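Shown next, in C-alpha cells, is the structure this report addresses.
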Amino acid sequence: QVQLVESGGGLVQAGGSLRLTCAASGRIRSISAMGWYRQAPGKQRELVATVTDKGEGATNYAVAVQGRFTISRDSAKNTAYLQMNRLKPEDTAVYSCAAGRAISSGMVFDYWGQGTQVTVSS
C-alpha cells in the first residue's frame, strides 16, 4: 500500500502562486508515475499534470494549465510537487495527488490522497 498526503492549498488572489506538496509513504518502489487531479464544485474530476520515471521524468499537462503549472518529483524525498503560477479563479478546486504505474499505453493510478482545497479570488 501507498499513502499520499497533500499540503499547500489555500486562498490566493488571482495572479498569485501556490505550491502543492504530495508526500508518499509505504511501498514507494512500486510507484513509477505520479499526478495531480482537480475537481471543482459541480464539475467532473480532471487531470492537471503527470510525471513519470521514463527518461528524465516525462511530464504532461492539461491545456488549461500549460505554461502556468509545473509538476516535479523528488524521488529521494518520496515527494511530488505542483507549482502553480498566474492562478486564475477558474483554477479553484480540490486538488488531489495520485500515484501509480507507467505502462506502455499510459499510466494507471492506484493510490489517491484526500485532496487539498485551492481557492483563487478575483
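Rounded to the nearest 0.05, what FRET efficiency is calculated for Ala58 and Arg27 with R0 set to 22 Å and r the Cβ-Cβ distance? After rounding, the FRET efficiency stands at 0.50. The longest part of the chain holding none of the exposed loop trypsin sites (Lys or Arg not before Pro), meaning those outside H, G, I, E and B in DSSP with at most 15 other Cβ atoms within 10 Å, is 87-122. What does the charge dipole of the range 61-121 about its Cα centre add up to, to the nearest 20 debye, if the Cβ of each Lys and Arg holds +1 and the Cβ of each Asp and Glu holds -1? The dipole of the range 61-121 has a size of about 140 debye. Taking the Cα centre as origin and putting +1 on Lys and Arg beta-carbons and -1 on Asp and Glu beta-carbons, what dipole magnitude results for the chain, to the nearest 20 debye? The calculation lands at about 40 debye.
Our estimate of slack between Lys88 and Leu47, defined as 0.36 nm per intervening residue step minus the Cα-Cα distance, is 13.1 nm.
Binning all Cα-Cα separations of the range 65-121 at 10 Å, short to long from zero, yields these whole-percent fractions: 19, 45, 32, 5, 0. Between Ser7 and Ser75, the contour length at 0.36 nm per residue exceeds the alpha carbon distance by 22.7 nm. The orientation-averaged shadow of the Cα convex hull for the range 1-86, equal to a quarter of the hull surface, comes to 6.4 nm². Cβ-Cβ distance of Ser104 and Ser17, R₀ of 35 Å, FRET efficiency by 1/(1 + (r/R0)^6): the value works out to about 0.50.
Every read-out reported here was derived from the displayed coordinates using simple, explicitly stated rules and does not represent laboratory data. Just so you know, these numbers come straight off a predicted model, no measurement behind them. Using ideal geometry, Cβ is built from the backbone for each residue, glycine included, and neighbour counts are taken over all protein chains shown.
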